[in-house]
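None of the figures in this text is laboratory data; all of them are computed from the coordinates on show. Everything numeric in this text was worked out from a predicted model, so none of it was measured. Cβ: placed from backbone, ideal geometry, glycine included. Neighbour counts: every protein chain shown.
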Amino acid sequence: MLNLRNLNLSFHGNKVLEDIDLEVKKGEVVTLIGPSGTGKTSLLRCINLLEKPDSGFISLGGLDYDFSSIDKKETLNLRRKTAMVFQQYNLFKNKTAIENVMDAQMVVQKKSKKEAYEKSMEELKRVGLEAKVDAYPNQLSGGQQQRVSIARALAVEPEVILFDEPTSALDPELVGEVLKSIEEVAKSGMTIILVTHEMSFAQDISDKVVFMDKGQVAESGRPEQIFKESDNARTQQFLNKFYAAAQ
Amino acid sequence: MDLQYMISILPEFLRVIPITMLVVVVSAVFGFLLSVPVAGIRIRKVPVLNLITDLYISFTRSIPILLQLFLFFFGIPVLLQLLGFDVTNISAMTAAIVCLIIYNGAYMSEVIRPAYLAIEKGQHEAAESLGYTRFQKLTKIIIPQMTPIALPGLGNAIIHLIHDSSLVFAIGVVDIMGLATIISSGSFGMQQVEVFLTVAFIYWGISFASEQIIRYLERRKKRVLNRTGYEMKEEAEYNV
Ligand SMILES: Nc1ncnc2c1ncn2[C@@H]1O[C@H](COP(=O)(O)OP(=O)(O)OP(=O)(O)O)[C@@H](O)[C@H]1O
Ligand SMILES: [Mg+2]
C-alpha cells in the first residue's frame, strides 16, 4: 500500500536519511523507534513532503512518485493522501475544534459545509470530544487538542496517518486518553505510521516495529522480534538504555 | 482672541477636508497594496530584490518626510524626462500622493512582516500536510491570524499618515494646512493664532475620530489574540 524505496535526505550536505526502504500494508500499524536525532521525524515529514528528499521513490494508493523530480501537483496529491498528527498538535488557532476538523474537507476536498460538519461531528465523537466542538484550541488541554488533531486527520480519510510522538508534549496524566484514541484509530483499520517513545504501547499496538539508527533502518520485524528476541547489538543497546532510564 | 473669526473661517476649512482625506485614503490604500509585495520579498529574502527593498526601507525611514516630499515634487519630472517623457512639472497633489504611497509602502510592510513572522511554523505545516495550496493556506489560515496582530500597527500608520499629510502644503497642495497659510498671509499676519488654532482643532478632531476607530480595533484584537494565544509583537521602528 505504501512503499518507500531508496529514500535519501540531507540538510545542508549532512546526510540525515540514507537509503531508507519501508513497506507498510493496508491497515497495518508500523512503529518507528530509535535514538534521538536518528531521523524518525524527518522520515515522516518526507512521506508528506514537509521535507523534500534528495532522491527516492514512494508508491501510495496505487500511484508512484519519484522524489527527485516531484512537481507541485504531485506534491499536493501525495499530501492529500496522507495526514500528519504533530507532536505540538498544530491545530489552527483561529478555528474552533469543529472548524479545525471541517476546514480541510471544505477547502481541499470541496465538500459542502453540511457534509463536512456531519463527518467532523462523527470523528470528534470517535475521540470523545463532542462536548468541546466549539472550543478554541487555546481553551483545550493538550490531550484534548491532540485528540482534535487526530479527528482532523481522520476526517480527510487519508490512506495513511503519520503520528510523530503524539504524546511526548503531554503531561503524563493526559497521555492515556490520546493513546486510547490512537488505539481506536488502529482498530478501525486505518493504516498508521507512528513514531513514539512509549515502548509498551508500541509493543501492544504495532504489526511491525522499525528500529532506526543514524539515519538508517537498522532492524525491522514483528514487535516481539524487536523487543524480545533481537540479536542486533544497536537495538539491544537502545532498548537497554531506554529501560534503564524508565526505571 | 477672536472666537467669532475662528468660527467664520471654519466652513472654508471644512471644504478642504476632503482634499486631506483624499490624500490620506489614496496613500493608505495604495501604500498597503505596495507593502504586501515588499513584505513578501523581505520575508522570502528574494535575492537582489531583497537588497533593493532593504535600501528602500532604510531610505524612507531615515529621511524626513518633508524632504521626501520635495524630492518627489522636483524629482519625478526629472526622472520622467530621463525616461523620455515630455514632462516639465507635475501637480503638487500627484507628487504628494506618490510620495506618501511610497512612504507607507515601506512603513506598512514593516507592520505586515512581523505579523507574518509571528505565526508559528506549525500553522503552515498543518495546512501544508493536509494538502492546502499556498493560496488556500494564506487565505484560510495565515492571514486570518495575522490580521489582529497587524491591525493596530496599520492603524498607527494611518494616524501618522494624517499627521504627515499636513506637510503637503509645503509643496503647494491646498489642503487644510495649505489653506491656513493662504488665509494667514491674506490677513497680513493678523490673527495668525486664530487661524492655526482652528487648524489644530480640526486635526485634533480628525485624529480623535481615527483613534476611536483604532481603539475599537484594539479591543477586538485583544479578544481574538486571547483566543489564538498570540502575543503582540513590537511595532515598526518608525519615529514620526
Ligand atoms: N530543518 C532542519 N535543518 C537541519 N537539520 C535538521 C533539520 N531537521 C532535522 N535536522 C537534523 O536531522 C537529524 C534527524 O532529526 P529528526 O528530528 O528527524 O530526528 P528524530 O529521530 O525525530 O529525533 P527525536 O527522537 O529527538 O525526535 C538531526 O540530526 C537533526 O539535527
Ligand atoms: Mg522526532
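Among the residues of segment B:1-21, count how many are under 19 Å from the mean Cα position of the chain (by Cα) and touching a residue at least 60 places away in the same chain (Cβ under 8 Å).
Of segment B:1-21, the ones under 19 Å from the mean Cα position of the chain (by Cα) are B:17-21.
Next cut, touching a residue at least 60 places away in the same chain (Cβ under 8 Å) only: B:17, B:19-20.
Within segment B:1-21, residues that are under 19 Å from the mean Cα position of the chain (by Cα) and touching a residue at least 60 places away in the same chain (Cβ under 8 Å) number 3.
Among the candidates A:LEU194, A:LEU170, single out the residue that is buried (at least 19 other Cβ atoms within 10 Å of the Cβ), within 16 Å of ligand 2 (Cβ to nearest atom) and within 13 Å of the chain's Cα centre (by Cα).
Working: A:LEU170 fails: within 13 Å of the chain's Cα centre (by Cα).
Among A:LEU194, A:LEU170, only A:LEU194 is buried (at least 19 other Cβ atoms within 10 Å of the Cβ), within 16 Å of ligand 2 (Cβ to nearest atom) and within 13 Å of the chain's Cα centre (by Cα).
Going by what's in this entry, would B:ILE57 be described as surrounded by 15 or more Cβ atoms within 10 Å (Cβ to Cβ) and closer than 27 Å to B:ILE202 by Cβ?
Spelling it out, it is not the case that B:ILE57 is surrounded by 15 or more Cβ atoms within 10 Å (Cβ to Cβ) and closer than 27 Å to B:ILE202 by Cβ.
Name every residue in segment A:99-131 that is in contact with a Lys or Arg (Cβ under 9 Å, 6 or more places away or on another chain) and either farther than 30 Å from A:LEU2 by Cβ or facing another protein chain (nearest Cβ under 8 Å) (or both), in order of residue number.
Of everything in segment A:99-131, those that are in contact with a Lys or Arg (Cβ under 9 Å, 6 or more places away or on another chain) and either farther than 30 Å from A:LEU2 by Cβ or facing another protein chain (nearest Cβ under 8 Å) (or both) turn out to be A:ASP103, A:ALA104, A:VAL107, A:VAL108.
What number goes with the only condition from (1) free of Cβ contacts under 8 Å to residues at least 24 places away in the same chain; (2) crowded, with 19+ Cβ neighbours inside 10 Å; (3) within 14 Å of chain A (Cβ to nearest Cβ) that B:ARG134 does not pass?
Unmet condition: (2).
For segment A:52-98, how many residues are facing another protein chain (nearest Cβ under 9 Å) and part of a strand (DSSP E or B)?
3
Only one residue in A:GLY62, A:GLY56, A:GLY34, A:GLY39 is without any contact (Cβ under 8 Å) to a residue 12 or more places away in the chain and either within 15 Å of ligand 1 (Cβ to nearest atom) or surrounded by fewer than 24 Cβ atoms within 10 Å (Cβ to Cβ) (or both), so which one is that?
From the options A:GLY62, A:GLY56, A:GLY34, A:GLY39, the qualifying one is A:GLY62.
Any idea which of (1) touching a Ser or Thr at 6+ places or on another chain (Cβ under 8 Å); (2) within 30 Å of A:VAL127 (Cα to Cα) is the one A:LEU239 doesn't satisfy?
So A:LEU239 meets the others, but not (2).
Looking at the structure I just gave you, is A:SER10 at negative phi, surrounded by 22 or more Cβ atoms within 10 Å (Cβ to Cβ) and more than 16 Å from ligand 2 (Cβ to nearest atom)?
So A:SER10 does not fit the description; no.
With B:ARG61, B:ARG42 as the choices, which residue is of a type in the set (Lys, Arg), in contact (Cβ under 8 Å) with a residue 60 or more places away in the chain and closer than 29 Å to B:GLY178 by Cβ?
Testing whether each residue is of a type in the set (Lys, Arg), in contact (Cβ under 8 Å) with a residue 60 or more places away in the chain and closer than 29 Å to B:GLY178 by Cβ leaves just B:ARG61.
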